[in-house]
Amino acid sequence: MKVLWILNTPLPEAISLQTGRPDVSHSTGSWVHAMARLLEQIPGLELSVAAPARVEKAIILRGKAITHYLLPTRKQDWEWLREQVQPDLIHIHGTEYPCFLEWVKTCGNSHTVVSLQGLVSRIADKYFGGIPEETLRQYVSFRDRIRKDSLFDQKKNLVYRGSCEIELLKSVNHVIGRTAWDRSNALEINPNLQYHTLSEPLREPFYSGRWKYDECVPFRIFMTQAHYPLKGLHTFLEALPSVLKKAPDVSVHIAGPDILRGTGLRGLLLRSGYGRYIADMIHEKGLEGRIQFIGESDAGTVKHELMQANLFLSPSAIENSSNALCEAQILGVPVIATAVGGTPDLIPDADHGRLYEFNDTAALTDAILSTFADSCRFDASSMIRTAAKRHDRQTILRDLLKIYDEVAG
């Protein structure tokens, strides 16, 4: 079977082949990269992966088991790709990028399946994370204006991509999802869709090791990707002073872009509007020295941070299925998350973590303090079993191949 994947960004191997850099992090591509590694082991399956790139004309890169295509993504490029690969099945990873819709418009929807990720058409209204627009307008920064990348520009882009997403879902027959939330929303957009359930593999390092309270840093909280308001960092900072009254040794590590960018003139000029907002909150609430952004992190670094943390927190305004939360669960780290989107599927009861309502500062404070108090005797065995079963690679591979046979039919 010839399988063509269409992604929004090239896989790590393609970047290495293009740049000549063997050190490209395998965290690039995240679970998509992990799934590609699974398909490499299947005899008779030829995997080609296409992604948009800053290239003047299409580039073909031959990997160990995958053929990579980097494209400018004009209409003629999609036509060329179809003739070059002649796929038996097309798997589009995501719904939110206009190039995905362009493939279907150009090449049709035959033997095509689309994986649901964040459903941007459903998250645009949540993008500001409950912060009033008039407040955010006061924080539009020099960097935002120069780059034309304020939160308002970002939301406008989300709305546009959401319209493309809706058109794409109305144009295909098969989708892959993993939560009750993405299923109900996809079928609301197109009731005729055939919905296939499939879990996602995690990155390799998370399949070994187990969190132990005795080896963590007490009162350390770990978060990821908190650089835009949808992820809810500001709501956590509202709760943090109350937490500190009873747990004064709290420290916070955050993986992802450093939105504070230092205190020098250059750092201040490059700070985003949301970064300015967070900086003001930290100052006003006396939280200096509590929050440490550790930067973009590969899988090994994230695993180390999770093992060191006392708890993992996901305070998002909306999520479908947070891979960071799943990575914490399979290691046995105590988790707290907002009861939004598909997250309740991951935390069905107290054995799997704690849920609270978004923006409920008192509930978040109580959840954090309760987790600190209970974590020394937290029994993670049920959570680990559930996560291990959910992310079992051989089960995922078997289910994916079954979907492919049905779609290619």
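Among the residues of region 71-88, is any out of contact with any helix residue (DSSP H, G or I) (no Cβ under 6 Å at 6 or more places or on another chain), buried (at least 20 other Cβ atoms within 10 Å of the Cβ) and among the hydroxyl-bearing types (Ser, Thr, Tyr)? Checked region 71-88: no residue is out of contact with any helix residue (DSSP H, G or I) (no Cβ under 6 Å at 6 or more places or on another chain), buried (at least 20 other Cβ atoms within 10 Å of the Cβ) and among the hydroxyl-bearing types (Ser, Thr, Tyr). Scanning region 380-409 for residues that are aliphatic (A, V, I, L, M) and out of contact with any Pro (no Cβ under 6 Å at 6 or more places or on another chain) yields Ala380, Met383, Ile384, Ala387, Ala388, Leu397, Leu400, Leu401, Ile403, Val407, Ala408. Restricting attention to region 344-368, which residues are farther than 16 Å from Phe222 by Cα, in a helix (DSSP H, G or I) and in contact with a helix residue (DSSP H, G or I) (Cβ under 7 Å, 6 or more places away or on another chain)? Asp345, Leu346, Asp351, His352, Thr361, listed by residue number. Against the numbered list (1) closer than 30 Å to Lys148 by Cα; (2) in contact with a Ser or Thr (Cβ under 6 Å, 6 or more places away or on another chain); (3) surrounded by fewer than 17 Cβ atoms within 10 Å (Cβ to Cβ); (4) not aromatic (Phe, Trp, Tyr), Ser242 comes up short only at (1).
Screening region 249-279 for residues that are of a type in the set (Gly, Ala, Ser) and under 27 Å from Met307 (Cβ atoms) and picking the one that is surrounded by the fewest Cβ atoms within 10 Å (Cβ to Cβ) gives Ser251.
Candidates Ala408, Ala373, Ala350, Ala363: the one that is in contact (Cβ under 8 Å) with a residue 40 or more places away in the chain and small (Gly, Ala, Ser) is Ala408.
Can you tell me which of Thr386, Thr371 is in contact with a Lys or Arg (Cβ under 7 Å, 6 or more places away or on another chain), assigned by TED's automatic domain parsing to the domain that holds Ala350, polar (S, T, N, Q) and assigned to a helix (DSSP H, G or I)?
Of the residues listed, the single one that is in contact with a Lys or Arg (Cβ under 7 Å, 6 or more places away or on another chain), assigned by TED's automatic domain parsing to the domain that holds Ala350, polar (S, T, N, Q) and assigned to a helix (DSSP H, G or I) is Thr371.
Residues satisfying the criterion are absent from region 124-140 (criterion: outside the structural domain of Ile318 (by TED's automatic domain parsing), surrounded by 19 or more Cβ atoms within 10 Å (Cβ to Cβ), over 30 Å from Leu268 (Cα atoms) and within 25 Å of the chain's Cα centre (by Cα)).
Whether any residue in region 35-52 is of a type in the set (A, V, I, L, M), surrounded by fewer than 15 Cβ atoms within 10 Å (Cβ to Cβ), assigned to a strand (DSSP E or B) and at pLDDT 90 or above is what I want to check. No, region 35-52 contains no residue that is of a type in the set (A, V, I, L, M), surrounded by fewer than 15 Cβ atoms within 10 Å (Cβ to Cβ), assigned to a strand (DSSP E or B) and at pLDDT 90 or above. Determine, yes or no, whether Ala324 is modelled with pLDDT of 95 or more and assigned to a helix (DSSP H, G or I). Criteria met by Ala324. Restricting the search to region 60-84, which residues are out of contact with any Phe, Trp or Tyr (no Cβ under 7 Å at 6 or more places or on another chain), aliphatic (A, V, I, L, M) and farther than 18 Å from Lys105 by Cα? Within region 60-84, Leu61, Ala65, Ile66, Leu70 meet the criteria. Filtering region 179-216 to residues that are among the aliphatic types (A, V, I, L, M), touching a residue at least 60 places away in the same chain (Cβ under 8 Å) and surrounded by 15 or more Cβ atoms within 10 Å (Cβ to Cβ) leaves Ala186, Ile189, Leu198, Leu202.
The values are calculated or read from the model by the stated rules, or taken from the named source; none is laboratory data. Because the structure is a prediction, the values reported are computed rather than measured. Because the Cβ atoms are built from the backbone with ideal geometry, glycine has one as well, and the counts that use them run over all protein chains shown.
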